[in-house]
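Each value in this text was obtained by applying a stated rule to the coordinates, not by laboratory testing. Here the structure is a predicted model, which means the values were calculated and not measured. Cβ sites come from the backbone with ideal geometry, for glycine too, and all protein chains shown count toward neighbours.
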Amino acid sequence: TVEAILSERYDAVLNPDDRPLSASELRTALEEADAVLTTVTDRLDADMLKPGIRAQILGNFGVGISHIDLAAAQAAGLAVVNTPGVLTDATADIGMTLLLMTARRASEGEALVRAGKWTGWTPTQLIGSHVTGKTIGIVGMGRIGMAMARRAHYGFGMDVVFHNRSKVAETGIPGARQLPLEEVLAEADFLSLHCPGGAENRHLIDAAALARMKPTAHLINTARGEVVDEAALVAALKAGKLAGAGLDVFEAEPTLHPELAGLPMVSLLPHLGSATDETRHAMGMKVVDNLDAFFAGKTPPDLC
Ligand code: 8YV
């Protein structure tokens, strides 16, 4: 296991409880260890990352680093490394899972069956949206956005439009078009978010963006909760201005907008994007490789 390898190579203090560290535990770790392995639940702000702490490197177990104030970390002399590449397929799989769940009303269907309320097949029960031939709009055509687009196109016969801050030279997907965000919003039957979180993309999908979308469209978010204005999303869904949403991430995880879970047309998962055995092992090994390089005096391969 990654834990065994870490313990072999380092004087490792492991968290055996499978729970997030408290702020004071995190502070202690930063003050007492040379390297601290972090996750999305660790708020590493300027107050935490004061110059003078012992830690020299933050090894983030995940690709998204919007929970880390990178400028503050660098100012305090810390290197930050993450785990790009190894969680691409698992996260795109959860994206497709949510797309299909929301399109085909799978959460509503399962709730009906589990509640013992299913009275048998009828011609009009839980009619969903067809996926084949529809257009997927990708926001953020990086590794995960591209993997989602490939699945949607080659696996499910969908057309692809996408928005990306820099020009994407080649997607390898026939007919895929790079467009301004406004046009992607207007054309997408399914809008799937794959951009980074953090201040730059906070509420990128706000009430105005949602208003540009088709009322028959669905929103899929496996990126970061803060990219979507959750209150605006709830309002749009309640008003019938959006058909559905599939969400793996939330603005204030693990707390949800109070009305979200009561909406039938949403599918909700507890941040499962990278949660496969293979992926989590590869993520751990990537952190170890980066630590090894750093402590050998080399530039770590995934320096942020
Ligand atoms: C991680 C993720 O498991 O990599 C990311 O950005 O969101 C997840 O796959 C999680 O962030 C733990 O740090």
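Brief remarks on what is shown
- Cα-based shape type of segment 199-268, given that a ≥ b ≥ c are square roots of the gyration tensor eigenvalues and the cut on a/c is 1.5: oblate
- Taking segment 1-127 and dividing mean pair separation by its residue count, relative contact order in percent (alpha carbons under 8 Å, at least six apart): 17 percent
- Alpha carbon centroid spacing (whole Å) that separates segment 250-304 from segment 32-65: 15 Å
- Relative contact order %, segment 114-252, counting alpha carbon pairs below 8 Å whose residues are six or more apart: 20 percent
- Each peptide in 22-28, 219-225, 156-162, 279-285 gets a packing score, the mean of other Cβ atoms within 10 Å over its residues, and the list from highest to lowest is 219-225, 156-162, 279-285, 22-28.
- Residues His194, His203, sorted so that the one with the fewest Cβ neighbours within 10 Å comes first: His203, His194
- Burial ordering of Arg114, Arg151, Arg177, fewest other beta-carbon atoms within 10 Å first: Arg114, Arg177, Arg151
- Straight-line cross-link reach from Lys286 at under 17 Å between alpha-carbon atoms covers these lysines, not counting any fewer than eight positions away in the same chain: Lys298.
- Once C-alpha pairs closer than 8 Å and six or more residues apart are averaged by separation and normalised to the residue number of the chain, the relative contact order reads 18 percent.
- Applying both filters, DSSP loop and at most 16 other Cβ atoms within 10 Å, to the GluC sites (Glu not before Pro) of segment 152-219 gives Glu170.
- Neighbourhood charge, 10 Å Cβ-Cβ cut-off, centred on Thr279 and excluding it, Lys, Arg +1 and Asp, Glu -1: -3
- Cross-link reach list, aspartates and glutamates versus Lys50, counting only Cα pairs under 12 Å and skipping chain neighbours closer than eight places: Glu31, Asp69
- Residues Ser274, Ser7, Ser107, sorted so that the one with the fewest Cβ neighbours within 10 Å comes first: Ser7, Ser107, Ser274
- Residue-wise HN-Hα coupling along segment 93-108, computed from phi with Karplus coefficients 6.51, -1.76, 1.60 (Hz; x: Gly, Pro): 4, 5, x, 5, 4, 5, 4, 5, 4, 6, 4, 9, 6, 5, 5, 4
- Euclidean distance between Cα centres, segment 219-237 to segment 1-19, Å: 36 Å
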